[in-house]
Structures are given as structure tokens and as C-alpha cells.
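The values are calculated or read from the model by the stated rules, or taken from the named source; none is laboratory data. What you are looking at is a predicted structure, and each value in this text was computed from that prediction instead of being measured. Positions of Cβ are generated from backbone atoms using ideal geometry, with glycine treated the same way; all protein chains shown enter the neighbour counts. Only protein heavy atoms, including side chains, enter the accessible area calculation; ligands, DNA and RNA are left aside. Shrake-Rupley method; radii C 1.70, N 1.55, O 1.52, S 1.80 Å.
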Amino acid sequence: MLILLPPSEGKTEARRGKPLDLSTLVFADALTETRRTVMSALADLCAGDAEKAREVLDLTAGQAADLVRNLRLETAPTLTAAQLYSGVLFDHLGLLDLPSDAKRRANRNVLISSGLWGVLRPNDRVPPYRLSGGATLPALGTVAGTWRGPLGEVLPGWVGRKVLLDLRSGAYAAAWRPSGPVAERTVTVQVTHQGKVVSHHNKATKGRLARALLCSDADPRTPAALAEACAAVGFPGLLTAPPRAGGTWQLSIDQV
């Protein structure tokens, strides 16, 4: 079983650590060129008109430090993605304090989506940055569109014949949509309350679910088996088959 996560806007500051080495990141051979392209377009934006850059990156005037941070990506200290992301989902997932077996499982089987890096393993080292997957860079175009081709080359092979639990949000899902046989083994999650889709518990529930699965010894090989594994760790839900050929499965989890 594989898990694909969204990133978080919240990020931990790196006070010390090695500088960025793109050759050490996951899928370096296939994704380094695009990573450099996005980094360059982001630097061009942040080196120009500050007001325009804040508008593109959806920053307030009080977040001007994020513009400076984006200009120092190649020299700034790095930390692991597990340390970097600090939003609600990651608070409840708790990658840093997983039991050792679960932590090894996460480093093998989890990828985190990123507007800047495409995808990262939990133990990949990168500097703090600010770039949403839904942004449009003037020198490049949409971030999601930039990543669609490169991710489409590597992620189907990563999934292979395994089952994928896709917990990404819309902006990051747009960068790669499973299709064909991969889609048939992909399960997305919808969090509901009394049958209605909710957003309040969405990230927290997904974080707790990912943690529970990583801490279990479950090894589901089909979407139905994945739904059973979710129920076994306290997250029962209704599994819905793809509405059309080439679509993904959906697991609706009702949070009381």
C-alpha cells in the first residue's frame, strides 16, 4: 500500500542543516530539470515587484519574509519533509514520532506532493519555501500544469500494481490524476459528518488515518481490502466504485 499526501502551508523554520542537493531527492533523474525550472520562475517572481509577488503567492504584507526565503533556496539550510510540514494533517500524522517500523514504512511508501518539488519522500531534505500547487507563475504558467507531464512519467511506475491511498487536495490532485490500471487501484477519501461532506475535520481525519495505517501491519492489495484495513484501524467507510472506466474508487468516512 502506498500513500500520497498533500503538503501544508505551515512550515518549520530550518535553523541549521545541509544546503539543498537536488540529486538526493526522490526521482532525481526524472524531476530535477523541472525542479530547477520552477525554482527559477519562483526566484524571478520574488526578485521583482514585491506587491505582485505577494498577490501571486497569496501572501500578506506581514509575510514578506517568505519572498526572501524563496530567493535563498539553494543556500538555505534544509530539513526533512517530515520536519518541514507542520499543518493540521501533519500534526495528526506525526511522522517524526512514528514507531520505528512505521517510520521505515513511511519512508518507503509515502510521497508528499509539492508545488515546488513535485513530490518528496518524508526523509528528503529541502529548505522552507512558499509556493502553492494552485499558483500561476508569470514566467511559467500554472504550477499544476508544469508538473503534470513529469509526474505522469514517474508516478504510474511508482504505484505499479500496488494500491494507492490518495489523500491530496484539489490543487495537488490536478498535477497528476491516476488513469487506466493505476486509477483502478487508487482510493481517494471523502470525510463526512452525518452523511454531509465536511471540511473542518477533513485534514485531521486524513492525518489520523494515515498514521493508523502506517502503524498497522496491513498490506491491502485491492481497494476493497484497503477499505477493510481502514475499518480495522477505526475508520470505517463506504467504498464507492469508479463512476466510469478509468476512474478512482472513493471511500467516504463518517466522523462522529
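Key figures for this structure:
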| item | result |
| --- | --- |
| Single residue of 5, 59, 45 found to be crowded, with 21+ Cβ neighbours inside 10 Å and over 20 Å from the mean Cα position of the chain (by Cα) | 45 |
| Tally, over the range 177-205, of residues that are surrounded by 20 or more Cβ atoms within 10 Å (Cβ to Cβ) and farther than 24 Å from residue 147 by Cα | 3 |
| Pairs with Cβ under 8 Å, 6+ apart, first in the range 35-63 and assigned to a loop (DSSP other than H, G, I, E, B), second surrounded by 13 or more Cβ atoms within 10 Å (Cβ to Cβ) | 58/132; 58/135; 59/53; 59/66; 59/67; 59/130; 60/54 |
| Number of the exception - residue 66 against (1) part of a helix (DSSP H, G or I); (2) in contact with a Leu (Cβ under 7 Å, 6 or more places away or on another chain); (3) at pLDDT 95 or above | (3) |
| Qualifying residue in the range 193-203 (condition: modelled with pLDDT of 95 or more and of a type in the set (Lys, Arg)) | no |
| Pair list, Cβ under 6 Å, 6 or more apart: the range 101-121 residue at pLDDT below 95, other residue open to solvent by less than 30 Å² (accessible area, probe 1.4 Å) | none |
| Residues being surrounded by 15 or more Cβ atoms within 10 Å (Cβ to Cβ), of a type in the set (Val, Ile, Thr) and in contact (Cβ under 8 Å) with a residue 60 or more places away in the chain - total across the range 129-154 | 3 |
| Residue that is nearest to the chain's Cα centre (by Cα), among those in the range 245-256 that are in contact (Cβ under 8 Å) with a residue 24 or more places away in the chain and not in a strand (DSSP E or B) | 248 |
| Residue in the range 162-172 that is open to solvent by 40 Å² or more (accessible area, probe 1.4 Å), touching a helix residue (DSSP H, G or I) at 6+ places or on another chain (Cβ under 7 Å), closer than 29 Å to residue 101 by Cα and touching a residue at least 24 places away in the same chain (Cβ under 8 Å) present | no |
| Looking only at the range 223-244, and only at residues there that are assigned to a loop (DSSP other than H, G, I, E, B) and in contact with a helix residue (DSSP H, G or I) (Cβ under 9 Å, 6 or more places away or on another chain), the one that is modelled with the lowest pLDDT | 242 |
| Count - residues of the range 84-101 that are surrounded by fewer than 19 Cβ atoms within 10 Å (Cβ to Cβ) and part of a helix (DSSP H, G or I) | 7 |
| Filtered residues of the range 159-183 (kept if in a loop (DSSP other than H, G, I, E, B) and either within 26 Å of residue 132 (Cβ to Cβ) or touching a strand residue (DSSP E or B) at 6+ places or on another chain (Cβ under 8 Å) (or both)) | 162, 163, 167, 168, 169, 174, 175, 176, 177, 178, 179 |
| Index of the failed condition, residue 211 passing every other in (1) of a type in the set (Lys, Arg); (2) open to solvent by 70 Å² or more (accessible area, probe 1.4 Å); (3) within 26 Å of residue 103 (Cα to Cα) | (2) |
| Members of the range 8-38 that are modelled with pLDDT under 95, surrounded by 14 or more Cβ atoms within 10 Å (Cβ to Cβ) and basic (Lys, Arg) | 11 |
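Listed here are the residues, each with its yes/no results for (1) within 17 Å of residue 165 (Cβ to Cβ); (2) outside any helix (DSSP H, G or I); (3) more than 16 Å from the chain's Cα centre (by Cα).
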| position | (1), (2), (3) |
| --- | --- |
| 112 | yes, yes, no |
| 123 | no, yes, no |
| 128 | no, yes, no |
| 132 | no, yes, no |
| 148 | no, no, no |
| 154 | no, no, no |
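Residue by residue, here is whether (1) of a type outside the set (Phe, Trp, Tyr); (2) more than 18 Å from the chain's Cα centre (by Cα); (3) within 16 Å of residue 1 (Cα to Cα) holds:
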site	(1), (2), (3)
165	yes, no, yes
177	yes, no, no
217	yes, yes, yes
230	yes, yes, yes
